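Student: Below: one structure in C-alpha cells.
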C-alpha cells in the first residue's frame with residue numbers, strides 16, 4: 001500500500017507556484033465572467049484554497065466509485081469519505097493537514113501535508129483515480145497523468161457557475177476536460193476514451209473544492225466508470 005506524501009501529490013499535477021509555497025491568485029468568481037476565466041491548472045492547483053478555512057476544523061468529502069464493466073475490474077462499488085483535519089501552517093494562508101482517506105478496510109495512508117496553501121484533496125483524488133485506471137487499462141500511469149495535465153493546460157473549458165451553499169447560491173467555476181478524446185491510443189482504452197473530468201470550485205466554500213467527477217459511458221449509455229468526490233456541507 002503506497003503512502004501518498006506531500007511530494008508525491010504535488011508532483012502529480014501541481015504547478016511550480018503551489019510546490020514552492022507561492023500560490024497564485026486566481027480571478028474571483030464574483031468578479032469574473034465567461035470572457036475572462038482563470039487558467040484551469042492555476043485555479044485548481046496554484047490558488048491558495050486553504051486561506052478561507054478555519055484552523056481546528058475538519059473538511060469532509062464524500063467519495064463514490066462504481067463501474068458497470070463486466071467482471072468488475074475496478075472492484076466493488078466504494079462509498080466512503082476523505083477527511084482533512086486542519087492545523088496551523090507557517091503563514092495565515094497555509095495549513096498543516098492530517099488526512100483520513102477512507103475508513104475501515106478501505107483506509108488508504110496519505111499525508112500529512114505540512115504548510116499547504118492549496119487543497120491536497122484535488123491530487124489525492126486524481127492520484128487514486130489514475131492508479132486504478134492505469135491498472136484496469138494496463139497502461140503507464142505517467143501516460144495518463146500527462147494526458148490529464150495537458151488537458152488542463154491546453155484544452156479545458158472554464159465557465160462561471162452557481163453553487164448551492166448553506167441555503168444560498170454562490171459564485172463558482174466549472175472546469176471540464178476530455179483528455180483522451182483525440183488520443184492516438186484511444187482504441188486501447190476499453191471504450192473509456194470519452195472520459196470526462198469535471199471540477200467545480202467556489203471561494204465561498206471552505207477549501208474551495210465543491211466537487212470532482214470522472215465519468216465515462218458506453219454508446220448505449222451504460223456506466224463504464226463513475227468516480228466522484230463532493231464537499232459535505234453538513235459534516236464540515
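Student: Given the structure, is residue 148 within 18 Å of the chain's Cα centre (by Cα) and modelled with pLDDT of 95 or more?
Tutor: no
Student: Pick from 112, 117, 88, 77: which is over 14 Å from the mean Cα position of the chain (by Cα) and closer than 28 Å to residue 186 by Cβ? Walk me through how you get there before you give the answer.
Tutor: Numbers: 112 fails: closer than 28 Å to residue 186 by Cβ; 117 fails: closer than 28 Å to residue 186 by Cβ; 88 fails: closer than 28 Å to residue 186 by Cβ.
Sole residue among the options that is over 14 Å from the mean Cα position of the chain (by Cα) and closer than 28 Å to residue 186 by Cβ: 77.
Student: Given the structure, is residue 176 crowded, with 17+ Cβ neighbours inside 10 Å and without any contact (Cβ under 8 Å) to a residue 60 or more places away in the chain?
Tutor: yes
Student: Here's something else I'd like to know. Residue 161 fails exactly one of the following numbered conditions: (1) under 30 Å from residue 71 (Cβ atoms); (2) in contact with a strand residue (DSSP E or B) (Cβ under 6 Å, 6 or more places away or on another chain); (3) surrounded by fewer than 19 Cβ atoms within 10 Å (Cβ to Cβ). What is the number of that condition?
Tutor: For residue 161, the exception is condition (1).
Student: Now for a separate question. Of the residues that sit in segment 186-218 and are within 17 Å of residue 141 (Cα to Cα) and touching a residue at least 24 places away in the same chain (Cβ under 8 Å), which one is surrounded by the most Cβ atoms within 10 Å (Cβ to Cβ)?
Tutor: 195
Student: Quick check on my filter: what residues within segment 169-193 are at pLDDT below 95 and out of contact with any helix residue (DSSP H, G or I) (no Cβ under 9 Å at 6 or more places or on another chain)?
Tutor: 184, 191
Student: I've got another one for you. Only helices (runs of 4 or more DSSP H) wholly contained in segment 1-96 count here; list those with 1 or more residues that are at pLDDT 55 or above, in contact with a strand residue (DSSP E or B) (Cβ under 8 Å, 6 or more places away or on another chain) and more than 22 Å from residue 210 (Cβ to Cβ).
Tutor: Those helices (runs of 4 or more DSSP H) do not exist here; none qualify.
Student: Quick check: anything in segment 133-155 in contact with a strand residue (DSSP E or B) (Cβ under 8 Å, 6 or more places away or on another chain), outside any strand (DSSP E or B) and surrounded by fewer than 18 Cβ atoms within 10 Å (Cβ to Cβ)?
Tutor: Yes.
Student: Tell me which residues, restricted to segment 221-236, are modelled with pLDDT under 95 and over 13 Å from residue 69 (Cα atoms).
Tutor: Across segment 221-236, the qualifying residues are 233, 234, 235, 236.
The values are calculated or read from the model by the stated rules, or taken from the named source; none is laboratory data. Because the structure is predicted, anything quoted here is derived from the model rather than measured. Neighbour counts run over all protein chains shown; Cβ positions are idealised from the backbone, glycine included.
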